[in-house]
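The values are calculated or read from the model by the stated rules, or taken from the named source; none is laboratory data. This structure is a prediction, so every number in the text was calculated from the model and none was measured. Reconstructed Cβ throughout: ideal geometry from the backbone, glycine too, with neighbour counts over all protein chains shown. Note: areas computed on protein heavy atoms with side chains; ligands, DNA, RNA excluded. Shrake-Rupley method; radii C 1.70, N 1.55, O 1.52, S 1.80 Å.
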Amino acid sequence: MHIDRDRLISDLETLASFSDGTPPGISRLVFAGGDQQARVWLKSQCRDAGLTVREDAVGNMFARWVGAQPQLPAIGTGSHIDAIPHSGKYDGTVGVLGGLEAIRALQQSGFTPQRSIELLLFTSEEPTRFGLGCLGSRMLSGGLKGDADARLKDSGGSTLAELRAAAGFQGSLDQVRLQDGYYAAFVELHIEQGPLLEKEGLPVGIVTSIAAPAALRIAIEGEGGHAGGVLMPDRKDAFCAAAEIVLAVEECARATGAIDTCGTIGKCHIFPGAVNSIPSRVEMDADIRDTDEQRRNRVLGEIEQACARVAAKRNLQVKVSPINADAPATCSPRIIEAMVEAAAENGLAYKKMVSRAYHDSLFMARIAPTGMVFIPCRGGVSHRPDEYSAPQEIENGVKVLAATLAKLSSLES
Ligand SMILES: [Zn+2]
């Protein structure tokens with residue numbers, strides 16, 4: 001089987017040219033200009049490869065290579081093409097265009113799939129527009145109801161219903177969920193977005209589980225006032241309380257002793273936000289992740305307790321509300337085994353590893369046996385313009401993906 005590396009790299013460059021950002025940074029906000037142009041181009045690439053293309057109401061795209069036994073559940077592969085502002089060329093796109101190249105390589109090798117092989121482009125894996133990640137795959141797996149149409153809004157106040165209609169995606173969101181058994185397996189190729197493969201000089205990572213984030217909104221209500229007028233003993237400074245809570249989040253995550261537990265506060269608004277004004281209100285979002293759901297939920301509980309302690313000590317209000325708490329996913333042993341064989345056949349060393357970032361596979365794992373292949377990215381850098389994977393590394397990933405799809409599409413069960 002021959003992977004046309006030059007064609008694939010040129011495809012990645014073409015896709016990168018559809019961007020709303022200023023080069024070298026890429027930006028493809030879902031349903032905005034770059035995303036729409038990229039979708040049109042990708043659909044034509046899929047049709048050129050003889051694939052049957054359909055789209056659902058939220059803009060997930062399915063491009064199917066019909067197998068010899070089309071009545072059997074299909075094998076899915078794919079990822080996302082939306083990109084956060086000022087990001088790079090490889091996050092998500094390697095899984096979409098690599099999936100397409102894997103299909104083209106299998107076709108050119110004369111392979112006939114028994115089960116159909118279907119390439120997916122998931123809508124809005126990034127939370128940039130609607131504040132919620134994995135919009136498309138979440139809906140495919142039934143994790144989001146039709147009321148999302150009115151409930152999800154972008155920063156300009158436009159609803160999901162308005163934005164998807166303007167992008168040409170019609171119909172009820174309730175029809176997006178895939179019926180049970182639609183896929184016999186789903187495999188996603190992705191850059192690692194971490195440093196481990198590069199550090200260890202390994203070309204392939206085989207994912208065994210995907211950590212899941214939970215997010216909390218923490219709202220602190222204190223008392224404002226003049227930075228000179230209100231004396232220190234009389235203060236209820238919301239930001240001082242926030243500082244204690246930030247450190248408590250770090251402490252709670254570290255205290256599990258498990259390397260997989262992560263706690264981050266990456267977003268914080270201070271009101272009114274003037275140098276000579278005591279902060280009266282602070283709003284922060286905390287992100288807590290783990291591969292072990294129980295342990296993660298324990299940490300969430302400990303953070304809530306810490307917030308209550310800070311509130312009591314400082315005599316102010318702290319309100320903690322969950323934004324989301326997704327379950328981690330375990331990859332299918334059968335798919336892991338197929339990927340291990342695929343790597344070995346191609347003479348590629350691999351390691352089994354945890355995905356600490358979440359991906360559409362997290363949601364696909366709820367409705368299909370799922371697996372992920374990682375390739376190294378330089379310095380572990382992602383979500384930045386200097387994100388990079390070398391052509392050879394991308395080719396290696398596509399080889400493993402193609403061989404895995406071939407095996408899975410021939411399996412009886
Ligand atoms: Zn991604």
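Structure notes:
- Meets criteria (touching a strand residue (DSSP E or B) at 6+ places or on another chain (Cβ under 6 Å) and open to solvent by less than 10 Å² (accessible area, probe 1.4 Å)) for residue 296: yes
- Residue check, residue 111 under 30 Å from residue 69 (Cβ atoms), at pLDDT 95 or above and surrounded by 16 or more Cβ atoms within 10 Å (Cβ to Cβ): yes
- Scanning the range 325-347 for residues that are open to solvent by 50 Å² or more (accessible area, probe 1.4 Å) and either in contact with a Phe, Trp or Tyr (Cβ under 8 Å, 6 or more places away or on another chain) or aliphatic (A, V, I, L, M) (or both) returns 325, 344.
- Selection status of residue 174, assigned to a helix (DSSP H, G or I), under 19 Å from residue 62 (Cβ atoms) and modelled with pLDDT under 95: yes
- Test: residue in the range 62-77 that is touching a Gly at 6+ places or on another chain (Cβ under 6 Å), of a type outside the set (Ser, Thr, Tyr) and within 22 Å of residue 402 (Cβ to Cβ): yes
- Considering 86, 80, the condition of being within 16 Å of the ligand (Cβ to nearest atom) and surrounded by fewer than 20 Cβ atoms within 10 Å (Cβ to Cβ) is satisfied by 86 alone.
- Residue match in the range 147-161 (condition: crowded, with 24+ Cβ neighbours inside 10 Å and not polar (S, T, N, Q)): yes
- Odd one out for residue 310, checked against (1) more than 21 Å from residue 239 (Cα to Cα); (2) buried (at least 17 other Cβ atoms within 10 Å of the Cβ): (1)
- Any hit, the range 33-54, residues being open to solvent by less than 40 Å² (accessible area, probe 1.4 Å) and under 18 Å from the mean Cα position of the chain (by Cα): yes
- Checklist (1) open to solvent by 10 Å² or more (accessible area, probe 1.4 Å); (2) within 10 Å of the ligand (Cβ to nearest atom) applied to residue 66, failing item: (2)
- Qualifying residue in the range 352-372 (condition: open to solvent by less than 50 Å² (accessible area, probe 1.4 Å), over 24 Å from the mean Cα position of the chain (by Cα) and of a type in the set (A, V, I, L, M, F, W, C)): no
For (1) in contact (Cβ under 8 Å) with a residue 12 or more places away in the chain; (2) part of a loop (DSSP other than H, G, I, E, B); (3) touching a Gly at 6+ places or on another chain (Cβ under 7 Å), each residue gets a yes or a no:
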| site | (1), (2), (3) |
| --- | --- |
| 324 | yes, no, no |
| 335 | yes, no, yes |
| 340 | yes, no, no |
| 347 | no, yes, no |
| 353 | yes, no, yes |
| 361 | yes, no, no |
| 372 | yes, no, no |
| 384 | yes, yes, yes |
| 393 | yes, no, no |
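- Per the listing 194, 156, 224, the residue uniquely more than 28 Å from the chain's Cα centre (by Cα), on the phi < 0 side of the Ramachandran plot and among the small types (Gly, Ala, Ser) is 224.
- In summary, strands (runs of 3 or more DSSP E) completely within the range 26-68 and bearing 2 or more residues that are at negative phi and charged (D, E, K, R) occur at 52-55.
- Scope the range 163-194; condition open to solvent by 40 Å² or more (accessible area, probe 1.4 Å) and either under 30 Å from residue 302 (Cα atoms) or within 16 Å of the ligand (Cβ to nearest atom) (or both); matching residues: 193
- Within the range 80-104, the set of residues being of a type outside the set (Phe, Trp, Tyr) and not in a helix (DSSP H, G or I) comprises 80, 81, 82, 83, 84, 85, 86, 87, 88, 89, 91, 92.
- Search result, residues across the range 404-413 that are outside any loop (DSSP other than H, G, I, E, B), open to solvent by 10 Å² or more (accessible area, probe 1.4 Å) and either farther than 27 Å from residue 71 by Cα or of a type in the set (A, V, I, L, M, F, W, C) (or both): 406
- Taking the criterion of being out of contact with any Phe, Trp or Tyr (no Cβ under 9 Å at 6 or more places or on another chain), more than 9 Å from the ligand (Cβ to nearest atom) and either without any contact (Cβ under 8 Å) to a residue 12 or more places away in the chain or open to solvent by 10 Å² or more (accessible area, probe 1.4 Å) (or both), the only residue of the range 89-105 that qualifies is 104.
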